[in-house]
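The values are calculated or read from the model by the stated rules, or taken from the named source; none is laboratory data. Keep in mind the model is a prediction, meaning the values are calculated, not measured. All Cβ positions, even for glycine, are placed from backbone atoms using ideal geometry, and neighbour counts span all protein chains on display.
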Amino acid sequence: METERKIIHGGCLCGAIRYEGIGEPYNVTHCHCEDCRKSAGAPLVTWASFSRDNFQFMKGKPREIAWAGRVRSFCSTCGSSLTFMSESDSDEIDVAVATFDQPDLVTPADHIWTEDRISWVKLADNLPEHARGRTK
Ligand SMILES: [Zn+2]
Ligand SMILES: [Zn+2]
């Protein structure tokens, strides 16, 4: 079966930053950790991973902030939270699915860091839950 090469387009709220991810993103997950919550100002953040070679910024350059050894990026104009890397030279990059132009293109597989979950966030999607990171 021939599959078309998927290209995911997305960007920040104001449009200053645009990116493109090539191929099928993996490890699509809802992260409840406190760092993701604080950095996004949201009760949880849904991420999808691309290999670093398959992801690039097409317009603008986000502001990168290193915190606790991880590197997160934001639009310096509108503040949208865009990406996460576990270290600056990581060979994969997690992209905030809510910044995709079409977030419906991916389907989350699980929840991680549910030990940090806010009590009023009620999970009813029957996806696997991991107290901390995903066990590989
Ligand atoms: Zn922006
Ligand atoms: Zn997190």
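Any residue that is assigned to a helix (DSSP H, G or I), modelled with pLDDT of 95 or more and over 30 Å from residue 59 (Cβ atoms) - is there at least one of those in segment 116-125? Give the steps one after another, and end with the answer.
Pass one, segment 116-125, residues assigned to a helix (DSSP H, G or I): 116.
Remaining after also requiring modelled with pLDDT of 95 or more: 116.
Filter once more, keeping what is over 30 Å from residue 59 (Cβ atoms): 116.
Within segment 116-125 (the criterion being assigned to a helix (DSSP H, G or I), modelled with pLDDT of 95 or more and over 30 Å from residue 59 (Cβ atoms)), the answer is yes, since at least one residue qualifies.
Going by the conditions given, is residue 107 under 23 Å from residue 122 (Cα atoms), surrounded by 15 or more Cβ atoms within 10 Å (Cβ to Cβ) and not hydrophobic (A, V, I, L, M, F, W, C)? No; evaluated as a whole, the condition is false for this residue.
Test residue 36 against the criterion of being more than 16 Å from ligand 1 (Cβ to nearest atom), among the hydrophobic types (A, V, I, L, M, F, W, C) and surrounded by 21 or more Cβ atoms within 10 Å (Cβ to Cβ), and give yes or no. Yes, satisfied. Cβ separations smaller than 7 Å between residues 6+ apart or across chains give the following pairs from segment 71-85 residues that are under 13 Å from residue 41 (Cα atoms) to residues that are among the β-branched types (Val, Ile, Thr) and within 7 Å of ligand 1 (Cβ to nearest atom): 82/17.
Filtering segment 86-136 to residues that are hydroxyl-bearing (Ser, Thr, Tyr), more than 23 Å from residue 8 (Cα to Cα) and without any contact (Cβ under 8 Å) to a residue 40 or more places away in the chain leaves 119, 135. For segment 43-66, the set of residues classified as of a type outside the set (D, E, K, R), within 16 Å of ligand 1 (Cβ to nearest atom) and touching a residue at least 40 places away in the same chain (Cβ under 8 Å) consists of 57, 58, 60, 62, listed by residue number. Residues of segment 69-112 that are within 13 Å of ligand 2 (Cβ to nearest atom), out of contact with any Phe, Trp or Tyr (no Cβ under 9 Å at 6 or more places or on another chain) and polar (S, T, N, Q): 86 alone. When residue 133 is tested against the conditions (1) surrounded by fewer than 18 Cβ atoms within 10 Å (Cβ to Cβ); (2) at pLDDT 95 or above, the lone failure is (2). When residue 95 is tested against (1) crowded, with 19+ Cβ neighbours inside 10 Å; (2) of a type outside the set (Lys, Arg); (3) closer than 21 Å to residue 118 by Cβ; (4) touching a Gly at 6+ places or on another chain (Cβ under 9 Å), exactly one condition is not met: (3).
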